[in-house]
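Enquirer: I'd like to ask some things about the structure below.
None of the figures in this text is laboratory data; all of them are computed from the coordinates on show. Owing to the predicted nature of the structure, the values given are computational and were not obtained by experimental measurement. Using ideal geometry, Cβ is built from the backbone for each residue, glycine included, and neighbour counts are taken over all protein chains shown.
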Amino acid sequence: MSKILVLGGGVIGLSTAMMLARRGHDVTVFERDGGPLPGSPEDAWLAWERRGIAQFRQAHYLQPAGTQLLDSHLPDVKQALVRAGCITFNVLATMPPTVADRTPREGDQRFTTITGRRSAIEYAVASVAENLLSVRRGVAVASLLTGPSAAKGIPHVTGVRTMDGEEVSADLIIDATGRASKLPDWLEASGARRPIEEAEDSGFIYYSRFFRSKNGLVPSWRARPLTHLDTFSLLTLPGDAGTWSVTVVISSGDAALKKLRDPKHWTALVAACPLHFHWLDGEPITDVQPMGGVIDRYRRFVVDGVPTATGIVSLGDSWACTNPSLGRGITMGLMQAVGTVDVAGQHLDNPLALALAHDSMTETRVTPWYRNTVEIDRMRIARFKAFIEGRPEPQPTDPRARVSDALAVAMMYDADLFRASLEIATVQALPQEVMRRPGVVDRIMEVASTHEVVVPPAPSRQQLLRMLHSERRELQLVPG
Ligand SMILES: Cc1cc2nc3c(=O)[nH]c(=O)nc-3n(C[C@H](O)[C@H](O)[C@H](O)COP(=O)(O)OP(=O)(O)OC[C@H]3O[C@@H](n4cnc5c(N)ncnc54)[C@H](O)[C@@H]3O)c2cc1C
């Protein structure tokens, strides 16, 4: 049995800790926020102080691939999500009417997820974890302790020092302290090299509002959960206990649309979108909540083939974090958590092998999803900018991206291509895996070239700007 410290008691830290504890390790989680686990999911929503998770009351969705990982590795967490009132949802419900073939297919269950507000997910995960292992809340880690090197010339981390000066040693430290993780600074202060780091602010702002159903039902789907319009996108996500969120996503460079922070303008815009206005038909349970400055950031802790340190690995948002409009963060983190548990199972007695295997697992299984997400963010923001500046929509030069664009058209008509596209959106198959399947690219190009692009109805930019500059509360959807 090894002693393992997990830094950070968010979803990924706690999930990893539970899987390791189940393998017989002595696991302790240090969580900086001191607020104890509330008595119910609703108390978590209303009152759980979680300053460490800025997105705690922002829009949230768990992808089907994340649910599958819970099914296979943490089934009791899945059951806790059900008990917390999370909703079971099959994304095929969002198939547009333009797809004529509605016949079910074998394997359609893979598009089912269980999802809810972030507070309900955190509550469910934490309630299972606290029955299994020691979660020390209110303990902030301040720095790393090092000991004799396990591999020549590489600093070896043997424990942590908390803000209160307590020193705790362990065989393995897992940093899951989220997107604001100080791990590179901690490593440097311990004499280790900093990791490779790439970061960019894709430049999105999110304006989200939560609603509660008047009849217990979540609105029906007339569009995909994420609908791209010219200079904004709309995100509609089902939540737990009859709640849902509606988010308007804009470019942070779009000064004119920042007026959408005002509930009057925000409501007018959503009300003017024929496929989305019915999502306003509930009791608003929050104000319009803005969120911006969310960076995409990736780290690699093996530099020139050599780990920056042994005895510690980085996981979840501490390793890489992305913009949330695709709702992939927790699913990517769970993928990496499962891989980390496998790697620890094989190499806990060899710190160098563990560090290298962790890097290799991460690069193979999770980095491609990070890259894909950032590519999509970049293209989206470039398109927003082109529309704002009145330029033609930029077209991808990369052949794979061109096929992805064609898939976005073809999926609106072809039942199998709709499913293929969902596999990518739900984090089950990378675009390159889908495109490698025999005949798929030909079929995408054929359907796309023989069908019109489906443009969701919504106010034009001119109409939207006029609305934002008038005091009128209603936005008429008129031609032009
Ligand atoms: C606005 C927004 C919306 C999002 N929406 C989605 C979504 O819909 N679906 C999805 O899958 N992902 C979403 N994400 C991404 C998702 O939130 C993250 O990928 C996920 O939270 C990562 O989990 P984590 O456990 O790695 O980190 P976090 O959830 O950030 O947890 C880190 C924990 O570490 C603690 N901590 C920090 N420093 C210390 C310290 N020094 N000592 C001890 N503890 C410390 C913090 O208090 C916190 O509890 C969203 C992100 C944002 C910003």
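Enquirer: Sorting check: for 348-356, 420-428, which peptide has the highest mean count of neighbouring beta carbons within 10 Å, and how do the rest follow?
Expert: Details: 348-356: 18.6, 420-428: 21.1.
Output ranking for 348-356, 420-428: 420-428, 348-356.
Enquirer: What do you get for Rg/Rh over region 1-49 if you use C-alpha atoms and the Kirkwood form of Rh?
Expert: On the way: Rg = 12.7 Å, Rh = 11.9 Å.
So for region 1-49, dividing Rg by the Kirkwood Rh gives 1.07.
Enquirer: Give me P(r) over region 135-209, computed from all C-alpha to C-alpha distances, binned every 10 Å, as integer percentages.
Expert: All Cα pairs considered, the percentages come to 15, 43, 23, 14, 4, 0.
Enquirer: About the Cα centre of region 76-157, what is the dipole size in debye to 20, counting +1 per Lys and Arg Cβ and -1 per Asp and Glu Cβ, all else neutral? It would help to have the intermediate numbers written out before the result.
Expert: Values: 10 positive and 6 negative charges, 46 e Å.
The dipole magnitude comes to about 220 debye.
Enquirer: Tell me the relative contact order for region 255-397 as a rounded percent, counting alpha carbon contacts under 8 Å between residues six or more apart.
Expert: Working: 111 pairs, mean separation 26.5, N = 143.
Value for region 255-397: 19 percent.
Enquirer: In debye to the nearest 20, how big a dipole does the chain give about its Cα centre with +1 on each Lys and Arg Cβ and -1 on each Asp and Glu Cβ?
Expert: Values: 52 positive and 53 negative charges, 155 e Å.
In total the dipole reaches around 740 debye.
Enquirer: Relative to 2.2 N^0.38 Å, what does the C-alpha radius of gyration of region 294-384 come to as a ratio? Two decimals please.
Expert: Numbers: Rg = 14.2 Å, N = 91, 2.2 N^0.38 = 12.2 Å.
Normalised Cα radius of gyration, region 294-384: 1.16.
Enquirer: How many nm separate the modelled label positions at residue 283 and residue 143, each set 7 Å beyond the Cα in the direction of the Cβ?
Expert: That separation, rounded to one decimal, is 5.2 nm.
Enquirer: Evaluated at 25 °C with a viscosity of 0.890 mPa s, what Stokes-Einstein diffusion coefficient in µm²/s does region 340-427 have when Rh comes from the Kirkwood expression over alpha-carbon pairs? Display every interim value, and only then the final one.
Expert: Details: Rh = 16.0 Å.
It diffuses with D of about 153 µm²/s by this estimate.
Enquirer: Where in the chain are the DSSP H helices whose C-alpha atoms run 18 Å or more along the long axis and whose mean Kyte hydropathy is at least 0.5?
Expert: Numbers: long enough: 118-132 (21 Å, 0.40); 329-347 (26 Å, 0.61); 351-365 (21 Å, 0.01); 367-389 (33 Å, -0.53).
The qualifying helices are 329-347.
Enquirer: For region 330-480, count the residues as N, evaluate 2.2 N^0.38 Å, and divide the Cα radius of gyration by that value, please. Mind showing how you got there, number by number?
Expert: Details: Rg = 21.3 Å, N = 151, 2.2 N^0.38 = 14.8 Å.
Cα-based Rg divided by the globular estimate yields 1.44.
Enquirer: Then there's this: Just want to confirm a number: the relative contact order over the chain, from Cα pairs under 8 angstrom separated by 6+ residues, in percent. Before the final figure, lay out each step's value.
Expert: Working: 929 pairs, mean separation 88.4, N = 480.
Value for the chain: 18 percent.
Enquirer: Starting with the highest mean, order 250-261, 79-90, 5-16, 54-65 by the number of other Cβ atoms within 10 Å, averaged over the residues of each peptide.
Expert: Values: 250-261: 17.6, 79-90: 19.1, 5-16: 27.9, 54-65: 21.8.
Final packing ranking: 5-16, 54-65, 79-90, 250-261.
Enquirer: P(r) for region 21-124, please, calculated from all Cα pair distances in 10 Å bins and given in %.
Expert: 13, 35, 32, 14, 6, 1
Enquirer: Now for a different question. How are the Cα pair distances of the chain distributed, in percent, across 10 Å bins from 0?
Expert: Here the calculated profile for the chain is 4, 19, 29, 26, 15, 6, 1, 0.
Enquirer: Using only the alpha-carbon atoms of region 67-218 as identical scatterers, what base-10 log of I(q)/I(0) does the Debye formula give at q = 0.10, 0.11, 0.17 Å⁻¹?
Expert: One equal scatterer on each Cα of region 67-218 leads to -0.65, -0.76, -1.17.
Enquirer: Also, quick follow-up: What ranking, highest mean first, results for peptides 392-404, 370-382 when packing means the other Cβ atoms within 10 Å averaged over each residue? Provide the component values of the computation, followed by the final result.
Expert: Working: 392-404: 12.6, 370-382: 18.4.
Averaged packing, sorted descending, gives the order 370-382, 392-404.
Enquirer: Here's a follow-up. Find out how many positive minus negative residues lie around residue 84, taking Lys and Arg as positive, Asp and Glu as negative, among other residues whose Cβ is under 15 Å from that of residue 84.
Expert: Values: positive: 78, 83, 117, 118; negative: 42, 43, 76, 122, 130, 240.
Here the count lands on -2.
Enquirer: Still on this model: Please report Rg (one decimal) and Dmax (integer) in Å for the Cα set of region 175-263.
Expert: Rg then Dmax for region 175-263, in Å: 19.2, 59.
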